[in-house]
Structure formats: C-alpha cells, structure tokens
Amino acid sequence: MSTPIVIAKKTTDTTQDIVLHSQFANRHGLIAGATGTGKTVTLKVLAESFSRIGVPVFLADAKGDVSSLAQAGSSNPKFDERIKSLGIDSIPFAASPVVFWDLFGEQGHPIRSTISEIGPLLLAQMLNLNDTQEGVLSAVFRIADDQGLLLIDFKDLKAMLGYVSEHAAEFKAEYGNLSPASLGAIQRNLLALADQGGDQFFGEPSLNILDFIQTDSNGHGYINILAADKLMNTPKLYATFLLWMLSELFEQLPEVGDMDKPKLVFFFDEAHLLFDNASAALQEKIEQVVRLIRSKGVGIYFVTQNPLDLPESVLGQLGNRVQHALRAFTPKDQKAVKTAADTFRANSEFKVEQAITELGIGEALISCLDEQGIPQIVERAWVMPPYSSFSPISPEQRQVLISQSIVAGIYEKSLDRESAFELLQNKVAERQQQAVQVEQEKQLAKEQEALAKQQAKEAEAMAKQQAREQERIAKEQQKEAEHEAKQREKLIQDTVGTFAKSAARSLGGSTGQKIVRGLLGSLFGGK
C-alpha cells in the first residue's frame, strides 16, 4: 500500500499538507534552486522520510553537512518559532541509520570498481577523450578480452596501453589503426586522473551495488552517504562514478514494475556535472538509464541550481518537483526562471514565474504526482523541518559509525590478483629470458666455433710438427744408414786390404802378386 510522505505545508494554509506518494517516488524528481535557498534541507527531509518508510537512500555529501543525518536534532528558539509557524507542536528528533562511503577511503568505506566494469564508454568520459581516442580505447579493451587479459586496476590499463603501443602494427589488420598519438593522449589523461586520486577507485574488492539496499533492525532504510567534498575537485570522476552506479543498478536489479515504494532512491547532487561536455553516446546512455531504471524500482532525484542544467529529454521524465528560489538578474537567469515555471502545472492563485523569484529560504514551489500518477497543480509551500541535526557530526563520531557499520571490514583491504599487468610482466620476462637464452646460445655457438677453430689450428700445427719430426727422423735414419754403409764399405776395404797385404807377403814374388790382383779383381768387379 502506498504511503503518503508529508514533505511541506502549504504557504497560505499550513493545515494543508503537500505529500509525495511513495508508489510514484520511482517516477524520479528534481530539487532545484539557487545557492542558499534550502535545497540541502529539502534533500535531508526527503532522505529521512524515505528511510523511515523502509526505503534505502544514496546521496552525495558535497559540503560535508549531510553527515548531520546521523545524529538527532535538537530544539532552539529559532527552530521552535519555525515549527510553530507551520502549526506543528513538536518534532520527534531522531537520527537516521547511515553508512558512510568514500571513493578515497578516508571518510568512509572505500568504493572500488574494476576497469572492465567501468568499460570504455564511461572511462572515455572520465578521461575526457574525443571520439577518435574513445575508439582506440575501445579497441584496447577488445584486445584485452581477446587475449584473456583482465583489466582490474590502474596499472593493468597502463600496462595494456603500453603493450598495444608496442605491437600496434601487429594489431592493425584486425583492430584498425591504433594511432600512437591517440594512445599517447589516453596515457597522459590516465596519468592526470591518477594525480587527482582517481587511481584509488579502480581495484578489488569491487563494490557490490546491492550493499546500498539494506534496512536496519527497525525496518528503516539505510542512508548511504558518499563523502564528495574532495571528489568535487574531479567533477568528471564524480559524474562518471555516479553514472556507473546507476548503470550497475540497472543491470543487476530485476524488473519489478510499479511497487508500493521504491527499492532505492538515488539523489544526484550537482547534476549538471553529469551532462557537461557529455558525448552523444554518453548522453544517450544517461537518458536510457533514467527512462528505464524506474521499472527496476529505483527513483532518481536530480539536485541542481537550474532546471536548464538538465536536457529536456531527462527533464520531461521527472514527475516530482521541488523548485526553490531563482534569481533573475541576467537574461540567462530570466530564461531559467521561465523554463522552471513552464515545467509546472499552473496555479490560478499566483503567477508561477513571479513566485519563483519571491520564494523565501526554505520555501518552494512543489508539484508531485497524485494518487493517479497525474502531476498536481503547483503549490507554494514551506518545506518540513528535518528530524536530524543541522550540525555535521565530528570526525570521531564518523569513525565510530564506520567501525560499527554493516559493511565494516568488507572493503577496507584491497586485493591484487593476477591480471593484465602481471600477465604482461610475465610475457616481458619470458621474452627477456628467451632473448637472454638466444644470446647465450649464440655466445655458446661462437665459443664452440672458436674452440673448434682453435682445435683445428692446433691439430694442424701438431700434424705439421709431427711431419717435420718424421722428416727429421727419416733424414737422420738415412744419414745413419749412409754412415753405416760407408763404415761397412771402409771396413771391408780395410779388411781386404789387410788380407791382400798379408797374402802378398806370404806368397811373395810376382806370381803371388798376380794371384792377389786377380782375386781382388774378382772381388771388386775387376777394379
């Protein structure tokens, strides 16, 4: 059954309540108005009201003052005077159940997502890339998928960009021209994002978006508060992060149709940051999410200064509107006032365009969907006071609440499993090892070749030495043989001569000499 949520009292008749019907709270809404007109109080009143009926809420705390939702309010003379003027006797001051989150992990539980979950479209928006660079980034993601390289954290993407840059020529045939200039631009923008602290957002454990949809023991919805004071310094990161969360909700939640109350209400503060310089593809994605996510039971409430900050295609889908004062000092301001006035169903009791410039602090023009889902006639009304404090909680109180949170200890410690960076490092190490091995094999081959040459040279020298030695020995043997022959010849001659002389002396005479000569002649061949 639908629950009427009292959000304001009619200015001209404070006994008449202005209500927002919970069954149509997922038809989205707008809270607009100049700075200091009461938008933050309106946001708090709506967040508390949703929480009390069991609807979880997510909102960003851009100035640090929304943390006051975590502590009960208190009475003071000015406050008492205000509620008296609204015909309210007293306010049941109470704190709301809150969970603090922080992209940087300083003022709340850290929020992380992987590079792959963000995807090239949102990452290109975050890095402020042009269409050509976005196309190259998409190709890098495709290459990583095809090669089984997980893109989880910042160093994974950096390593992947370096890898693609080194092998761009190899990938050209299949993935198109991967311009070094585009790859270089992506790498430079990635470094700039890291310098702003954006690298802390990428990693594991990745946020389970369903952790935002929790209720406490009293059945009250948790109000998830994102510390955004530091995040606002990087508006691209802020806007892309919130759009990613909406996309995750859209993809993970089932279709539920119309419900008595939403599953989650999402407040998008500083909404103009989402649409500033958004590419056509991103603009289309935003419009699709806003149009379709209500069927998942999620209501989106844009908080901004000027209705002109939102495209007409989005503005036309916002059924519940709270318009605080606008100032018409310039032609642009006057156009904004007229645009805001034209979005309301006219009230015959006052001129809407004029009333917008006359509203006091905490006063607003309000039009919500009635029981049949039809926009009501716009009413001038005073927003109800919140149950929580107007003063932010202290850092010590924040830390206590963080330590006692339902998700305490789940996201604090980061994980670093094997992914693209490690796998590419292994590839580099393998290539280096292979290169070293090839070099070692070349060196060994050179050494073996040199050794073989040396051995061949030594063998040749040894062979020559052996040949010379054999030649010398042969010559010496020949000389010895000749010497022995001469010695034998001489010995024979000496022997024969001695014998002849002896015979001659023995025979005597001429006859003996003739015999000896004849004998010697026959012995020496007639010589």
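Only sites in a loop by DSSP and with at most 11 other Cβ atoms within 10 Å count here; which trypsin sites (Lys or Arg not before Pro) in the stretch 341-388 make the cut?
Working: sites: ARG345, LYS351, ARG380; in loops: LYS351.
When the trypsin sites (Lys or Arg not before Pro) of the stretch 341-388 are filtered for loop state and at most 11 Cβ neighbours within 10 Å, nothing remains.
On the chain, 51 percent of the accessible area sits on carbon and sulfur atoms, based on a 1.4 Å probe.
In whole percent, what relative contact order does the chain give with Cα contacts below 8 Å and a gap of six or more residues?
Values: 814 pairs, mean separation 133.4, N = 527.
The value is 25 percent.
The 1.4 Å probe gives accessible areas that order ILE393, ILE374, largest first, as ILE374, ILE393. Counting only alpha carbon atoms, the long axis of helix 509-523 and the longest principal axis of the chain meet at about 30°.
In terms of distances greater than 20 angstrom between alpha carbons, the cross-link table entries LYS39/LYS351; LYS155/LYS427; LYS285/LYS332 yield LYS39/LYS351; LYS285/LYS332.
Dipole magnitude for the chain: about 3320 debye, using +1 per Lys or Arg Cβ and -1 per Asp or Glu Cβ, origin at the Cα centre. Counting only residues at least eight positions apart within a chain, or on another chain, the lysines with an alpha carbon under 19 Å from that of LYS490 are LYS479, LYS501, LYS527. Placing R0 at 51 angstrom, the Cβ-Cβ distance between ASP89 and GLU284 gives a FRET efficiency of 0.50 after rounding to 0.05. Peptide packing: for 409-422, 319-332, the average count of neighbouring Cβ atoms within 10 Å per residue gives the ranking 319-332, 409-422, highest mean first. Counting only alpha carbon atoms, the long axis of helix 39-52 and the longest principal axis of the chain meet at about 90°. Sorting 458-468, 423-433, 62-72 by average packing, meaning the other beta carbons within 10 Å per residue, from highest down gives 62-72, 423-433, 458-468.
Kirkwood hydrodynamic radius, the stretch 52-154, all distinct C-alpha pairs: what's the number in Å? Let's see the in-between values first.
Details: mean 1/r = 0.0545 Å⁻¹.
So the Kirkwood estimate lands at 18.3 Å.
Each principal axis of the Cα atoms in the chain has its own extent, and those three values, largest first, are 193, 45, 41 angstrom. Computed from Cα atoms, the angle from the helix 131-146 axis to the main principal axis of the chain rounds to 60 degrees. Here's the list of lysines a cross-link from LYS457 could span, going by alpha-carbon distance under 17 Å and ignoring same-chain residues fewer than 8 apart: LYS446.
Write out the GluC sites (Glu not before Pro) in the stretch 245-290 meeting two conditions: DSSP loop, and at most 10 other Cβ atoms within 10 Å of their Cβ.
Values: sites: GLU248, GLU251, GLU255, GLU270, GLU284, GLU287; in loops: GLU255, GLU270.
The qualifying sites are GLU255.
With R₀ set to 22 Å, the beta-carbon distance separating THR215 from GLN252 gives a calculated FRET efficiency near 0.75. Surface exposure of the chain, expressed per residue as accessible area with a 1.4 Å probe, stands at 51 Å². By a 1.4 Å probe calculation restricted to protein chains, PHE390 has an accessible surface near 110 Å², given to the nearest 10. In the structure shown, the pairs LYS10/LYS44; LYS172/LYS413; LYS84/LYS230 are assessed against 30 Å; a Cα-Cα span above that value is assigned to LYS172/LYS413; LYS84/LYS230.
The values are calculated or read from the model by the stated rules, or taken from the named source; none is laboratory data. Fair warning: this is a prediction, and the values are worked out from it, not measured in the lab. Here the Cβ is made from the backbone with ideal geometry for all residues, glycine too, and neighbour counts use every protein chain on show. Keep in mind that these areas ignore ligands, DNA and RNA; they rest on the heavy atoms of the full protein, side chains included. Shrake-Rupley method; radii C 1.70, N 1.55, O 1.52, S 1.80 Å.
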